[in-house]
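> Before I ask anything, let me first share the structure, which is written out below as structure tokens.
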Amino acid sequence: MNNNNISRKDFLKVVGATTAVSAIALSGCTSENYEKETKYSLGDIPKDKMTYRINHNTGDIVSILGYGMMRLPFKDNAIDQEMVNKLVDYAMDHGVNYYDTSPVYCRGNSETATGIALSRYPREKYYLATKLSNFAPQFWSREASIKMYRDSFEKLQTNYFDYYLLHSVGNGSKGLSGWDTFQKRYIDNGMIDFVQEERKAGRIRNLGFSFHGDQRVIEWLLDNHDKYHWDFVQIEMNYIDWEHAHDVDEDNVNADYLYKRLTDLNIPAVIMEPLLGGRLANLPDVLANTLKQRTPQNSVASWAFRFVGTYPNVLTVLSGMTYMEHLQDNLRTYCPLQPCSDEELKLLMDIANQYLKYPIIPCTSCQYCMPCPYGIDIPTNFSFYNKCVNEGSIVDNPQSADFRRARRRFLIEYNRQLEADRQVEHCIGCNQCVSHCPQHINIPEQLTRINDIVEKLRTL
């Protein structure tokens with residue numbers, strides 16, 4: 001880390017993040033997805049080895065691991081604030097100083113929970129990021145958008161934001177294109193000018209946007225960089241989306257192109273979805289085994305985090321860490337970061353090419369589709385299906401030798417993970433969820449496909 005010209009504020013952010021509280025005892029939280037891979041992680045994790053990146057536009061010294069506060073732990077149908085505090089304490093203790101939230105995360109409760117957890121620390125010891133998440137038409141007016149912006153200050157218990165984003169530009173809504181939706185959310189109501197003025201006033205320290213979808217929007221924003229002076233841009237980047245985002249969904253833009261555009265403009269990149277919604281931590285078994293053979297001591301997820309961290313214009317990598325195991329594993333990857341070699345990058349590109357052959361639903365479990373008016377747990381249904389595809393446990397041939405046992409195992413596990421009123425059979429195709437999906441998934445179509453599989457197995 002280059003310590004030249006580091007301000008006292010920036011120095012405190014780094015020092016505070018590594019010395020603030022003593023290590024906490026691990027709670028009893030568990031994660032089925034990580035059980036097999038994190039047994040080794042119960043040892044000591046260094047507290048002074050976090051890799052930092054410098055925002056070359058502002059001088060901010062930012063931990064390469066950023067805490068995405070969108071998948072916080074729940075208990076009794078509410079955010080488990082005690083566990084959130086423990087996770088934040090552990091993260092701060094190990095050098096994490098970037099925390100990203102939004103008014104819409106965790107059923108609208110993430111900002112409040114984040115504010116409670118972080119307010120226990122001096123404000124100069126962390127960077128706080130939130131967003132103008134005015135997705136729904138009822139928030140498109142200038143008055144409603146400004147209220148959302150101001151409410152974030154109260155919930156987060158702060159008088160300034162270190163990083164503030166126009167949230168998910170490029171996504172369409174209510175039958176409108178991504179471009180038309182962008183116009184209504186930020187241009188017609190004057191909000192893009194409003195946040196510029198807020199930056200001048202110091203209430204926003206760094207101004208940027210996150211991007212999904214319509215390429216016309218990001219091209220316009222970047223083409224007007226001389227006017228708006230974007231301090232950072234948040235993009236979806238992982239070793240699948242690097243060259244294949246457009247292959248998966250024609251409305252998506254490949255990450256290699258977006259990264260190059262930002263680098264050419266000297267705009268730091270903040271990375272979201274490094275695990276592609278957790279899917280790169282749960283690869284099909286044959287692909288996961290390829291990586292485990294190379295580095296048996298490391299998790300499959302660590303490869304994805306090393307990939308994005310390898311690129312020097314990446315300022316921080318966001319991870320929605322629900323469990324202590326997630327946090328510990330990521331800390332091991334970034335304390336310090338070991339960049340991927342050219343050979344390893346080629347290996348990951350090969351893995352990506354093979355991955356595309358699997359009929360995975362490209363859900364990232366972002367929860368934007370929720371709640372479903374008919375009670376369906378859409379992300380969990382998709383997650384269950386993807387897990388079965390990865391394991392090769394979907395069987396539809398009654399003549400196969402293991403059919404009866406595999407069929408029984410599938411149905412028992414499905415009913416175990418999803419209560420009857422949360423299952424796919426309740427979908428009526430209302431399409432309410434479709435416009436909210438940043439991955440542009442035809443959700444009713446995919447739910448119907450899963451239902452066809454379930455019903456076939458139930459009736460055989």
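> Which of the residues that make up the range 422-437 are at pLDDT 90 or above and charged (D, E, K, R)?
422
> Do you know which of the residues in the range 356-388 that are in contact (Cβ under 8 Å) with a residue 60 or more places away in the chain and more than 26 Å from residue 70 (Cα to Cα) is surrounded by the most Cβ atoms within 10 Å (Cβ to Cβ)?
Taking the candidates together, the pick is 358.
> How many residues does the range 269-287 hold that are within 20 Å of residue 333 (Cβ to Cβ) and touching a residue at least 60 places away in the same chain (Cβ under 8 Å)?
11
> Does the range 84-99 include one or more residues that are under 20 Å from residue 324 (Cβ atoms), of a type in the set (A, V, I, L, M, F, W, C) and surrounded by fewer than 19 Cβ atoms within 10 Å (Cβ to Cβ)?
No, the range 84-99 contains no residue that is under 20 Å from residue 324 (Cβ atoms), of a type in the set (A, V, I, L, M, F, W, C) and surrounded by fewer than 19 Cβ atoms within 10 Å (Cβ to Cβ).
> I've got another one for you. Is it true that residue 63 is of a type in the set (Gly, Ala, Ser), modelled with pLDDT of 95 or more and in the same structural domain as residue 157 (by TED's automatic domain parsing)?
yes
> Please indicate, with yes or no, whether at least one residue in the range 154-165 is assigned by TED's automatic domain parsing to the domain that holds residue 224, more than 24 Å from the chain's Cα centre (by Cα) and in contact (Cβ under 8 Å) with a residue 40 or more places away in the chain.
Looking for residues that are assigned by TED's automatic domain parsing to the domain that holds residue 224, more than 24 Å from the chain's Cα centre (by Cα) and in contact (Cβ under 8 Å) with a residue 40 or more places away in the chain, one finds at least one in the range 154-165, hence yes.
> With 350, 377 as the choices, which residue is of a type in the set (D, E, K, R), at pLDDT 90 or above and under 22 Å from residue 283 (Cβ atoms)?
Unique residue meeting the criteria: 350.
> Given the structure, is residue 133 touching a Gly at 6+ places or on another chain (Cβ under 9 Å) and either farther than 29 Å from residue 304 by Cα or not hydrophobic (A, V, I, L, M, F, W, C) (or both)?
For residue 133, the condition - touching a Gly at 6+ places or on another chain (Cβ under 9 Å) and either farther than 29 Å from residue 304 by Cα or not hydrophobic (A, V, I, L, M, F, W, C) (or both) - is not met.
> Next question. Search the range 86-127 for residues being among the polar types (S, T, N, Q) and more than 25 Å from residue 51 (Cβ to Cβ), and hand back the single one that is nearest to the chain's Cα centre (by Cα).
It comes out as 102.
> Now for a different question. For the range 435-450, what are the residues that are surrounded by fewer than 17 Cβ atoms within 10 Å (Cβ to Cβ) and either in contact (Cβ under 8 Å) with a residue 12 or more places away in the chain or more than 21 Å from residue 417 (Cβ to Cβ) (or both)?
Residues satisfying the conditions are 442, 445, 448.
> Is it fair to say residue 212 is in the same structural domain as residue 98 (by TED's automatic domain parsing), under 29 Å from residue 241 (Cβ atoms) and modelled with pLDDT under 95?
Judged against the criteria, residue 212 is a match.
> Please verify whether residue 333 is crowded, with 20+ Cβ neighbours inside 10 Å, assigned by TED's automatic domain parsing to the domain that holds residue 129, not in a helix (DSSP H, G or I) and not acidic (Asp, Glu), treating the condition exactly as stated.
no
> Is it fair to say residue 69 is surrounded by fewer than 24 Cβ atoms within 10 Å (Cβ to Cβ), in contact with a Ser or Thr (Cβ under 7 Å, 6 or more places away or on another chain), assigned by TED's automatic domain parsing to the domain that holds residue 231 and among the hydrophobic types (A, V, I, L, M, F, W, C)?
When the stated conditions are applied, residue 69 does not pass them.
> Out of curiosity, is residue 199 among the basic types (Lys, Arg) and out of contact with any helix residue (DSSP H, G or I) (no Cβ under 9 Å at 6 or more places or on another chain)?
Against the criterion (among the basic types (Lys, Arg) and out of contact with any helix residue (DSSP H, G or I) (no Cβ under 9 Å at 6 or more places or on another chain)), residue 199 qualifies.
The values are calculated or read from the model by the stated rules, or taken from the named source; none is laboratory data. Keep in mind that what you see is a predicted model, and the values were worked out from it rather than measured. In this analysis, Cβ positions are derived from the backbone assuming ideal geometry, glycine residues included, and neighbour counts consider all displayed protein chains.
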